[in-house]
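Asker: Next up is a structure, given as structure tokens.
The values are calculated or read from the model by the stated rules, or taken from the named source; none is laboratory data. Just so it is clear, the structure is predicted and the values come from calculations on it, not from any experiment. We place every Cβ from the backbone using ideal geometry, glycine too, and count neighbours over all the protein chains shown.
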Amino acid sequence: MTLLEARTTPGGRVRTVSAPFAGDLYAEAGAALIHSTHTEVMRYIRQFDLPVEAMESGTIQYYLVDGKRISPYDSSIEWPYDLTPEERELGLAGLQMKYLMPLVDQLGDPDTDAWPSEADLRYDDVTFTEMLRQQGASRGAVRVIELGFENAWGDANRTSALFILKQMIYLAGRNLYRIPGGNAQLAEAFAAALDAEVRYGHPVVRIEQDEDVVRAVCNRRAGEVVVEASHLISAVPFSVLDGISVSPPFSYVKRKAIQDLPYTGATRVYLQFQRPPGFQSPGMWAPTTGPLMVICDDSYGYATGSRILLSAFITGRKARRLSSLGEAEAVQYVLRELDAEYPGIAQYFEGGVMTAWHEEPWSRGGYVSYEPGQTRRFASAVAPSEGRVHFAGEHTSRWEGWMEGAIRSGMRTAREVHEAHAQQASQARPSTE
Ligand SMILES: Cc1cc2nc3c(=O)[nH]c(=O)nc-3n(C[C@H](O)[C@H](O)[C@H](O)COP(=O)(O)OP(=O)(O)OC[C@H]3O[C@@H](n4cnc5c(N)ncnc54)[C@H](O)[C@@H]3O)c2cc1C
């Protein structure tokens with residue numbers, strides 16, 4: 001088995017960034033949290049004997065509402081949006097219970113073959129925002145409900161309601177875990193355990209197949225490298241596969257899925273500060289009514305030194321706008337906004353960096369995000385193999401946007417290849433009858 005990896009290190013969108021931060025500070029540029037529902041991730045963490053730590057108080061310490069820190073459970077929040085008197089009474093949790101949970105409860109189980117049923121597909125006809133409005137939520141209530149995490153799967157006003165509702169099923173188990181020291185350890189453990197020849201710095205630019213063999217053609221400075229095999233598993237995001245030439249072309253529906261499924265923008269900007277006296281950490285995830293969407297304390301729970309690492313987690317169109325400023329300007333922008341949320345913090349600023357996944361050539365996006373109608377059209381088209389080519393990656397699983405999806409899809413494609421080999425072997429065996 002040969003593994004061709006375009007980057008020079010393992011991990012893809014699992015990346016722990018420690019440079020240029022001081023001391024033991026690090027941040028997750030991509031995958032950060034592991035939910036208790038992520039059974040395969042947890043199984044591999046145990047198998048590789050990696051450390052794992054429960055986040056004792058979940059992720060959200062407070063919401064930042066017009067610069068004020070508000071407990072998510074506080075029903076007396078003065079939201080800066082137009083809510084009906086009843087909605088004001090309900091508070092955040094009450095709004096979710098009224099407008100969202102009844103729908104989540106009605107949905108089928110995404111992990112079964114029956115998913116999605118015709119009844120589930122009703123929610124694929126509208127965006128998440130439209131669905132909330134149809135449920136009777138005022139515009140203000142929509143803003144409140146969408147704060148922070150619904151935009152995490154792409155712009156809520158463009159993303160299929162069903163796609164986000166499904167994510168809410170997966171989030172139902174509220175226990176959260178992380179790997180102390182960083183998730184890159186998981187990717188490195190996988191790379192070390194592989195019984196394969198791993199070739200880093202080998203971007204595949206062409207895939208060719210015929211009845212007998214499949215070829216991956218890589219672009220190297222010294223020229224093309226061709227690797228031939230009986231089967232090929234493509235684990236590259238569709239956003240990248242779209243630029244790889246394929247001969248003969250895949251089926252029409254696979255090509256459309258590869259071309260049309262959008263990937264959300266995802267920009268993280270991390271800023272290192274001297275720890276301000278009396279600083280009240282936002283925890284791992286503080287949704288804000290300000291332009292930063294979500295503020296994270298990447299040093300939360302482990303950094304005991306004199307410094308902290310805060311970051312903005314921005315997705316969707318805003319993420320693309322922010323990264324288009326360039327790193328230096330984006331850092332200054334985030335610094336100004338953080339200073340508005342935490343007055344005076346700018347004087348403790350030491351430096352910052354940015355990761356913009358949609359700008360990286362081997363990702364071209366944060367993760368896949370379905371628009372209305374796309375579950376109906378593409379959900380059953382993303383995974384099936386095309387001749388000798390099999391498809392893995394979060395985007396080919398039902399667990400889009402999670403490490404869990406990547407691992408489950410890898411297990412599925414491994415089974416597919418084993419079964420294809422077994423079938424070929426049985427056909428090649430001389431008949432004894
Ligand atoms: C900002 C952000 C936050 C996230 N938060 C979480 C979280 O909290 N929890 C969670 O579980 N998940 C999270 N995720 C999602 C998680 O990171 C991904 O779902 C998962 O890592 C995807 O794995 P993958 O193997 O499908 O794709 P990738 O990790 O992208 O792997 C694909 C690999 O293919 C390589 N490649 C690409 N093109 C080529 C080519 N042409 N030739 C050869 N190799 C190529 C890439 O370099 C890469 O190594 C987050 C992602 C982002 C971006």
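Asker: Within region 57-76, identify whether any single residue is of a type in the set (Gly, Ala, Ser) and surrounded by 20 or more Cβ atoms within 10 Å (Cβ to Cβ), and answer yes or no.
Answerer: No: zero hits.
Asker: Can you tell me which residues in region 243-256 are within 15 Å of the ligand (Cβ to nearest atom) and either of a type in the set (A, V, I, L, M) or surrounded by 23 or more Cβ atoms within 10 Å (Cβ to Cβ) (or both)?
Answerer: Within region 243-256, ILE244, VAL246 qualify.
Asker: Here's another thing I want to ask about it. Scan region 24-38 and report the pairs whose first residue is hydrophobic (A, V, I, L, M, F, W, C) and whose second residue is near the ligand (Cβ under 6 Å from one of its atoms) and assigned to a loop (DSSP other than H, G, I, E, B), with Cβ atoms within less than 9 Å and a gap of 6+ or a chain change.
Answerer: What qualifies is ALA29/ARG13; ALA29/VAL14; ALA31/ARG13; ALA31/VAL14; ALA31/TRP402; ILE34/TRP402.
Asker: Okay, moving on. Given ARG7, ARG13, which one is touching a Gly at 6+ places or on another chain (Cβ under 7 Å), within 14 Å of the ligand (Cβ to nearest atom) and closer than 23 Å to THR264 by Cβ?
Answerer: Exactly one residue qualifies, and that residue is ARG13.
Asker: Report the residue count in region 19-73 for those that are outside any loop (DSSP other than H, G, I, E, B) and closer than 30 Å to ARG88 by Cα.
Answerer: Within region 19-73, residues that are outside any loop (DSSP other than H, G, I, E, B) and closer than 30 Å to ARG88 by Cα number 7.
Asker: A further question follows. Mind listing whichever residues of region 138-169 are surrounded by fewer than 23 Cβ atoms within 10 Å (Cβ to Cβ), farther than 23 Å from ALA266 by Cβ and not basic (Lys, Arg)?
Answerer: Residues satisfying the conditions are SER138, GLY140.
Asker: Continuing with this model, one more query. Would you be able to say whether some residue in region 266-275 is touching a helix residue (DSSP H, G or I) at 6+ places or on another chain (Cβ under 8 Å), more than 16 Å from the ligand (Cβ to nearest atom) and part of a loop (DSSP other than H, G, I, E, B)?
Answerer: The answer is yes, given that some residue of region 266-275 is touching a helix residue (DSSP H, G or I) at 6+ places or on another chain (Cβ under 8 Å), more than 16 Å from the ligand (Cβ to nearest atom) and part of a loop (DSSP other than H, G, I, E, B).
Asker: Another question, if that's okay. Scan region 131-157 for residues that are modelled with pLDDT of 95 or more and in contact with a Gly (Cβ under 9 Å, 6 or more places away or on another chain) and report the count.
Answerer: Residues that pass the stated criteria total 0.
Asker: Return the residues of region 328-380 that are within 15 Å of PHE273 (Cβ to Cβ), in contact with a Pro (Cβ under 8 Å, 6 or more places away or on another chain) and outside any helix (DSSP H, G or I); say none if nothing qualifies.
Answerer: The answer is TYR342, GLY344, GLY351, VAL353.
Asker: Give the number of residues within region 96-130 that are assigned to a helix (DSSP H, G or I) and either of a type in the set (Val, Ile, Thr) or not assigned by TED's automatic domain parsing to the domain that holds ILE164 (or both).
Answerer: Qualifying residue count for the region: 2.
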